[in-house]
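Notes follow once the structure below has been shown.
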Amino acid sequence: MPLHGEAKRKYQRNWSRKYRIDNRDKVNKNRRNYRKRIRLEAIAILGGKCFNCGCDDENILEVNHIHGANGEKSSDQLYNRIRRGETEEFNVACRICQWYHYLRELKGYKGNWTIVWRGIEENASPLCRS
Ligand SMILES: [Zn+2]
């Protein structure tokens, strides 16, 4: 006899729970891939490079709340808001510029740095170059 209503929902919930437990590695891998894809899509929509230094290394780019996050973290919901076109509050920053922006604009830090992105070079030390 087919299930209906609450009984059907309960059956589906239990089936889904058991599937996630039995296929944990596969489910986690799919989740990571999905998250990476929507993160990169959101970054691309926002221009694909750091607003300050021009860094385009996707490994260190983040979605940046221009006026502060107010507790909102980077999340699937955030990436999906950007994918739906809610882009006004956001830009893209590398982690270094994001921290610098946070200190200067939101915490009143008075230091004045110029952050320069030099691209990715083989065998180049980021700190000790002549
Ligand atoms: Zn930057």
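The values are calculated or read from the model by the stated rules, or taken from the named source; none is laboratory data. The structure presented is a predicted model; accordingly, all values stated were derived computationally and were not measured. Using ideal geometry, Cβ is built from the backbone for each residue, glycine included, and neighbour counts are taken over all protein chains shown.
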Q.
Checking the structure you have, find out if any residue of region 9-23 is in contact (Cβ under 8 Å) with a residue 40 or more places away in the chain, more than 16 Å from the ligand (Cβ to nearest atom) and of a type in the set (Lys, Arg).
A. no
Q: Out of Gly68, Gly111, report the one residue that is away from the ligand (no atom under 16 Å from the Cβ) and not in a helix (DSSP H, G or I).
A: Gly68
Q. From the set of residues in region 87-120 that are of a type in the set (A, V, I, L, M) and modelled with pLDDT of 90 or more, which is farthest from Gly68 (Cα to Cα)?
A. Val116
(Q) Just checking, does region 18-38 include any residue being surrounded by 11 or more Cβ atoms within 10 Å (Cβ to Cβ) and under 23 Å from Ile120 (Cβ atoms)? (A) yes
Q: Looking only at region 1-33, count how many residues are at pLDDT 95 or above and either under 21 Å from Asn64 (Cα atoms) or outside any helix (DSSP H, G or I) (or both).
A: 1
(Q) Can you tell me which of (1) touching a residue at least 24 places away in the same chain (Cβ under 8 Å); (2) surrounded by 11 or more Cβ atoms within 10 Å (Cβ to Cβ) is the one Val116 doesn't meet? (A) (2)
Q | Subset of region 82-103 [without any contact (Cβ under 8 Å) to a residue 40 or more places away in the chain and either surrounded by 20 or more Cβ atoms within 10 Å (Cβ to Cβ) or within 13 Å of the ligand (Cβ to nearest atom) (or both)] | A | Arg95, Gln98, Trp99, Tyr102
Q: Select, from Asn123, Asn59, Asn52, the only residue that is modelled with pLDDT under 90 and outside any helix (DSSP H, G or I).
A: Asn123
